């Protein structure tokens, strides 16, 4: 979505605003913000199954590094249809990716942990995610981050996409154990 130049995802609007003000690369800002967002887990942890995992730490570090590497080696697309395709694919790919790693029980990323923590307290997943995205969007816009049609698209699409992805990709550990037992004949 950064390369599409049609507006960043809400968190990247925030990251870009911070990067522009600090001179730190946007991916590095993403890593630093990820660690700070973990602090929001403290009040949300009570009464939920919210827990750090390999997915949590991988999300913080890998995504930030990949952003910096991809931006360093990839050119801006010149084709308008390609730019729109990249923008439209953004929340779908992020949402499905979230469903895979959170649904696998590897631990949610910091932002996803806030979402699942709120969901654990009765807030529907799609509302929690949309609210988080809109908050990041407002903060990023106030910091001077790039907002466009892609930003609006991401903000309204990501919550429902994540909600659906989690519904279809979450593994129930107890169900998985039973299937293994039946298949092995024990």
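The values are calculated or read from the model by the stated rules, or taken from the named source; none is laboratory data. Bear in mind the structure is a predicted one, so any value in this text is a computation, not a measurement. Here the Cβ is made from the backbone with ideal geometry for all residues, glycine too, and neighbour counts use every protein chain on show.
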Quiz item: So, of the residues in region 71-80 that are without any contact (Cβ under 8 Å) to a residue 24 or more places away in the chain and part of a helix (DSSP H, G or I), which turns out to be nearest to residue 1 (Cα to Cα)?
Solution: 80
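Listed here are the residues, each with its yes/no results for (1) at positive phi; (2) at pLDDT 90 or above; (3) touching a helix residue (DSSP H, G or I) at 6+ places or on another chain (Cβ under 6 Å).
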residue	(1), (2), (3)
54	no, no, no
57	no, no, no
60	no, no, yes
64	no, no, yes
68	no, no, yes
79	no, yes, no
85	no, yes, no
93	no, yes, no
96	no, yes, yes
Exercise. Examine region 35-49 for a residue that is out of contact with any strand residue (DSSP E or B) (no Cβ under 6 Å at 6 or more places or on another chain), within 24 Å of residue 157 (Cα to Cα), free of Cβ contacts under 8 Å to residues at least 40 places away in the same chain and surrounded by 13 or more Cβ atoms within 10 Å (Cβ to Cβ), and state whether such a residue exists.
Key: no
Quiz item: Inside region 12-30, can you point out the residues that are more than 15 Å from the chain's Cα centre (by Cα) and touching a residue at least 60 places away in the same chain (Cβ under 8 Å)?
Solution: 16, 17, 18, 20, 21
Practice problem: Determine whether residue 130 is assigned to a helix (DSSP H, G or I), within 22 Å of residue 17 (Cα to Cα) and modelled with pLDDT under 95. | Solution: yes
Quiz item: Does any residue of region 56-69 turn out to be assigned to a loop (DSSP other than H, G, I, E, B) and within 22 Å of residue 171 (Cα to Cα)?
Solution: no
Practice problem: Using the structure shown, decide if residue 147 is crowded, with 17+ Cβ neighbours inside 10 Å and part of a loop (DSSP other than H, G, I, E, B). | Solution: yes
Quiz item: Which of the following residues is crowded, with 16+ Cβ neighbours inside 10 Å and in contact (Cβ under 8 Å) with a residue 24 or more places away in the chain: 54, 66, 94?
Solution: 94
